[in-house]
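The values are calculated or read from the model by the stated rules, or taken from the named source; none is laboratory data. The structure displayed is predicted, hence computed values, not measured ones. Cβ atoms come from the backbone with ideal geometry, glycine included; neighbour counts cover every protein chain shown.
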Amino acid sequence: MAKQFPEGFLWGGATAANQFEGGFHKGNKGLNIADVLPGGKERLEILGNPGFDFEIDPNKYYPNHDAIDFYNRYKEDIALFAEMGFKVFRTSIAWTRIFPNGDELEPNEEGLAFYDRVFDELIKHGIEPVVTISHYEMPVHLVKEYGGWRNREVITFFERYAEAIFNRYKGKVKYWMTFNEINSGLMMPIMGLGFAIQKEADKYQPTFQAFHHQFVASAKAVKLCREIMPEAQIGCMIIYAPVYAFDSKPENVMHALEEEELFNYFCADVQVRGEYPAFINRYFKEHNIELEMEDGDLDILKEGTVDYIGFSYYMSRTEKKDKSNEEGIQGNIMQGVKNPFLQASDWGWEIDPVGLRISLNKLYGRYEVPLFIVENGLGAYDKVEEDGSIQDDYRIDYLREHMKQMGEAIEDGVELMGYTSWGCIDLVSASTGEMSKRYGFIYVDKHDDGTGTLERKRKKSFYWYKDVIDSNGENL
Ligand code: BGP
């Protein structure tokens, strides 16, 4: 028997501008980080390696340039979301549509008008927009001319951007989040923090200085949001992957705890509690990190704490202090060691529905603020059958098991606002730049090499999710 989801639970789907809009140069849009990332192996190498130059090579294919063309097809796509009964739809605003270079004084009207059309269309269908202000797409100009988030000046540009969109969309958008997966900067600084680490030795100071600037920018945006739209709710957004100790050896338990603190809690502590956590002092000392702060920064962090925690959940992570036995290394983006109790997706992401209940309990236990699962889903290869259908039972199984655990967590006392499944329509993968890693309820005929008709098709999971929403989670 499925557990009860609260009345008004926010069921929906999630996307990010750079991964599905396309139209990368339409309406005076400027270049952003996603626009200069090629697809496939090359992207994976860039994300893990130093020295990337953020240039476009005219001989290469860039999957985010045209993506799935939501820019032109938003009406058709939103109608499909409405058919599934979405209560909310999460997307991001591309900073470069509003401020093409990032450092202009005035916003770009064509970019603003585009999101007016999108939000109006959603509202027309009774769908509330949930908007991420920055999702892996800083303007390339800010990366090249200012050094990304390492540079304090970027805070001013972000504030100007946030103010422009709050003023424009107040009354249309009630749910906001500042930075997508802010803690991803620890793994992929190119996407999250807007710079490539040149040398291992440079890793710590610039990374944490950049985080500090993002924290101040986020807190300022929260304050602005409250001034401009007192009725809105604004959250942070983190990747959450509970860290398990490989076994009960105390050194492994301690190691798992340290990894958990740094990865899962460092950013959220600052954004939810408004102050740097005590555990980070030792880490800073051991890595010679001394943050440069201005007078008043700590007050701003305190005044700009968020209303809720948005988070993505895809997998858990298992840790061991001594990983010298390389055979046990897990191949997913979190690294760690293989968990013998879990199966993994084709990309090595370990599937762990109970881990979602654990995450919800841990997050709520630590912060006691409302939680919003704004990403979750299974990246898989889908096959279109001869009759045109897509029988994605594996996706339904994955989602069903995770939803059951959400129900359990609600019973445990967790305050859960909603659930937006990641990539509700197939889109370009962030880590691989490929179309073939699909998450959607809606199939898009587009392939890794850029070919395809862009036709949309309802998968089997489309009808299943529609029934889940219709029954408010009773029929899983
Ligand atoms: C999150 C990102 C998304 C998204 C998702 C799935 O980390 O916020 O942008 O893409 O993961 O990851 P991927 O596309 O690499 O499969």
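Just a few scattered comments:
- Within the range 127-144, considering residues that are without any contact (Cβ under 8 Å) to a residue 60 or more places away in the chain and within 16 Å of the ligand (Cβ to nearest atom), the one surrounded by the fewest Cβ atoms within 10 Å (Cβ to Cβ): VAL131
- Taken together, the residues in the range 264-319 that are more than 26 Å from ASP202 (Cα to Cα) and away from the ligand (no atom under 16 Å from the Cβ) amount to 14.
- Flag for GLY423 being of a type in the set (Gly, Ala, Ser) and under 26 Å from GLY8 (Cβ atoms): yes
- Contact map, the range 69-92: residues that are more than 22 Å from VAL468 (Cα to Cα) paired with residues that are part of a strand (DSSP E or B), Cβ distance under 6 Å, separation 6+ or inter-chain. Pairs shown: SER92/THR132.
- Failed item in (1) buried (at least 17 other Cβ atoms within 10 Å of the Cβ); (2) on the phi > 0 side of the Ramachandran plot; (3) out of contact with any helix residue (DSSP H, G or I) (no Cβ under 8 Å at 6 or more places or on another chain), with GLY274 passing the rest: (3)
- GLY147 fulfils the conditions (1) more than 16 Å from the ligand (Cβ to nearest atom); (2) touching a residue at least 60 places away in the same chain (Cβ under 8 Å); (3) at positive phi except for a single criterion, (2).
- Checked against (1) within 22 Å of the chain's Cα centre (by Cα); (2) among the small types (Gly, Ala, Ser); (3) in a loop (DSSP other than H, G, I, E, B), GLY12 passes all but condition (3).
- Restricting GLY310, GLY348, GLY304, GLY336 to residues that are on the phi > 0 side of the Ramachandran plot and in contact (Cβ under 8 Å) with a residue 40 or more places away in the chain narrows the list to GLY336.
- Of everything in the range 330-343 that is among the aliphatic types (A, V, I, L, M) and away from the ligand (no atom under 13 Å from the Cβ), the residue that is modelled with the highest pLDDT is LEU342.
- Taken over the range 249-281, the residue count meeting the criterion of being within 22 Å of TYR367 (Cβ to Cβ) and either without any contact (Cβ under 8 Å) to a residue 24 or more places away in the chain or of a type outside the set (D, E, K, R) (or both) is 23.
- When the residues of the range 348-373 are filtered to those that are more than 15 Å from the ligand (Cβ to nearest atom) and part of a loop (DSSP other than H, G, I, E, B), the one that is surrounded by the most Cβ atoms within 10 Å (Cβ to Cβ) is ASP352.
- Annotation for the range 68-78: no member residue is surrounded by fewer than 23 Cβ atoms within 10 Å (Cβ to Cβ) and under 18 Å from PHE195 (Cβ atoms).
- Matching residues in the range 421-474 - criterion: being of a type in the set (Ser, Thr, Tyr) and more than 14 Å from the ligand (Cβ to nearest atom): TYR443, THR451, THR453, SER461, TYR463, TYR465, SER471
- Subset of the range 374-408 [within 16 Å of the ligand (Cβ to nearest atom) and assigned to a helix (DSSP H, G or I)]: TYR394, ARG395, TYR398, LEU399, HIS402
- Qualifying positions in the range 169-181 - surrounded by fewer than 21 Cβ atoms within 10 Å (Cβ to Cβ) and touching an Asp or Glu at 6+ places or on another chain (Cβ under 8 Å): LYS172, LYS174
- Residue list for the range 1-27, restricted to those being more than 29 Å from ILE469 (Cα to Cα) and either touching a Gly at 6+ places or on another chain (Cβ under 7 Å) or β-branched (Val, Ile, Thr) (or both): GLY27
- Condition met for TYR381 (farther than 24 Å from SER92 by Cα and either touching a residue at least 12 places away in the same chain (Cβ under 8 Å) or touching a strand residue (DSSP E or B) at 6+ places or on another chain (Cβ under 7 Å) (or both)): yes
- Any hit, the range 233-252, residues being surrounded by fewer than 20 Cβ atoms within 10 Å (Cβ to Cβ) and hydrophobic (A, V, I, L, M, F, W, C): no
- Counted residues, the range 23-57 - those being over 16 Å from ALA430 (Cβ atoms) and acidic (Asp, Glu): 3
- Residues of the range 1-33 classified as small (Gly, Ala, Ser), buried (at least 21 other Cβ atoms within 10 Å of the Cβ) and more than 12 Å from the ligand (Cβ to nearest atom), total: 4
Table: residues versus (1) closer than 19 Å to LYS437 by Cβ; (2) touching a Pro at 6+ places or on another chain (Cβ under 8 Å).
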| site | (1), (2) |
| --- | --- |
| PRO6 | no, no |
| ALA16 | yes, no |
| PRO38 | yes, yes |
| ASN49 | no, no |
| VAL88 | no, yes |
| ASN101 | no, yes |
| LEU105 | no, no |
